[in-house]
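What follows is a short report on a single structure.
Just so you know, all these numbers are worked out from the coordinates, no wet-lab data involved. Just so we're clear, the structure is a prediction, and the values are computed from it rather than from any experiment. Here the Cβ positions follow ideal geometry from the backbone for every residue, glycine too, while neighbour counts run over all protein chains shown.
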Amino acid sequence: MSSPAAKALAFTTAVLWCAAASCQTARSHAVKPGDTLWNIARERLQSPVRWIELQKRNGIAVPEQLQPGQVLQLASRQPRLKISVVELNGSAWITPAQGEQTALQVGTQVREGDLIVTAPDSFLCLALSDGSRMVLPSSSAIRLVESASRGIRFELLSGRVESYITKQGARGFEVRTRTAGVGVRGTHFRVRDESGISTAEVLEGLVRVENAGTRRDADRLSLPGGQGSLLGSAFLKAEELLPAAASVGSDAEHRTVTAEPVPGGVSYRLQLARDERLLQLLYEARSDMPTFQLPELPWGFYHSRVTAIDAAGLEGVPADVPIYVRQTPEIRPRASVRADRSVLLDWPSATGREYVAEVALDSDFRNVIAASTMAGGHAVVGPFPGAGLYQWRVGSQGSVIASGSFRVPDQ
């Protein structure tokens, strides 16, 4: 797990902020010419989006009309929030700032300096004691920087995090990325750092975006729900997210999920969970087409989420649909002779594997008279005009997985 740790050493100062409502403190600040609430919050409260606290704390109706010499009361300290793992599917690890890496378990409390990494095909959910939730999908890494009075701060080192943040009262919530900062007030949003692309995508609420280390107005923008932005670009620009797919259907027998294509979508992501908020993630996949083959799952109802991703890399509005997965019946190898003297071969199969079915007149298969290659667990061979006993076998990846014989009767 050295890669996420190495990234942490080279991490830059981009921040995603989820800001709060009001704040009190015994400290004060005398407004100087050129001061803004944004800059005062950045310099005095270590988080620029805490300007909202300053505005409400001091009853400022028009933030742009600060008067030099005006004295502002700053924010007070708040008790720490507890953060713990409440859902875990697969494998994940935690590495304290001073300590050894250990496996994560449900109930593990996350403390300042802890690095959390999820393995491929693994998912976890963090719960904050104020009711907020953060979902960390597979192959992602995040570090808790601070859980003190000024607020909660994370660093997203790689992968994705999807956050459902309650209104924070007098506290800020931050997720740092490599390149830019986003300020939010209790909302549902995504932050991604995948394949060299960093994005912020807002599904509910209002977000403030700012490039790291800048004071230019051109490097700031506000994103309402349904919009997103590529982070760290020379000029931040708000983009409309692709809409949700008009329909999503599932085939319980063949264990597939298919969405209607979204105009502008160049790829698609499927997520599967036990709950409707998708906090208990079980599976995810990405495809160039909006059709997905599900893995083997216990039969029952699941909640699916399909999103379209545009050519720039922004992920769109989700389409959430409950689906039913039927229990797969046990399949035994068999050969069924049909009325037209063709033969239906069946065998146990696995998704993503290729099979070769052969029919021969001899048990050594020196005289193969029919062969077929397919990806599924059945094949039709023939018809066979001549009566007699035939041998059949199915192989995959160099091994025979099913074999037998069948007799074609006289006409």
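Odds and ends about this structure:
- Just one of the listed residues (Ser405, Ser363) is farther than 30 Å from Leu278 by Cβ, of a type in the set (Ser, Thr, Tyr) and part of a loop (DSSP other than H, G, I, E, B), namely Ser363.
- Test: residue in the stretch 353-363 that is crowded, with 17+ Cβ neighbours inside 10 Å and either of a type in the set (Phe, Trp, Tyr) or within 30 Å of Gly265 (Cα to Cα) (or both): yes
- Selection count, the stretch 252-279, where residues are assigned to a loop (DSSP other than H, G, I, E, B) and surrounded by 20 or more Cβ atoms within 10 Å (Cβ to Cβ): 4
- Qualifying positions in the stretch 336-360 - part of a loop (DSSP other than H, G, I, E, B) and on the phi < 0 side of the Ramachandran plot: Arg338, Ala339, Asp340, Ser342, Trp347, Pro348, Ser349, Ala350, Thr351, Arg353, Glu354
- Some residue of the stretch 376-394 being aliphatic (A, V, I, L, M), farther than 19 Å from Ala339 by Cβ, buried (at least 17 other Cβ atoms within 10 Å of the Cβ) and touching a residue at least 60 places away in the same chain (Cβ under 8 Å): yes
- Filtering the stretch 286-305 to residues that are under 19 Å from Ser247 (Cβ atoms) and either part of a strand (DSSP E or B) or in contact with an Asp or Glu (Cβ under 6 Å, 6 or more places away or on another chain) (or both) leaves Ser287, Thr291, Phe292, Gln293, Phe301, Tyr302, His303, Ser304, Arg305.
- Check on Pro63, of a type outside the set (Val, Ile, Thr) and surrounded by fewer than 17 Cβ atoms within 10 Å (Cβ to Cβ): yes
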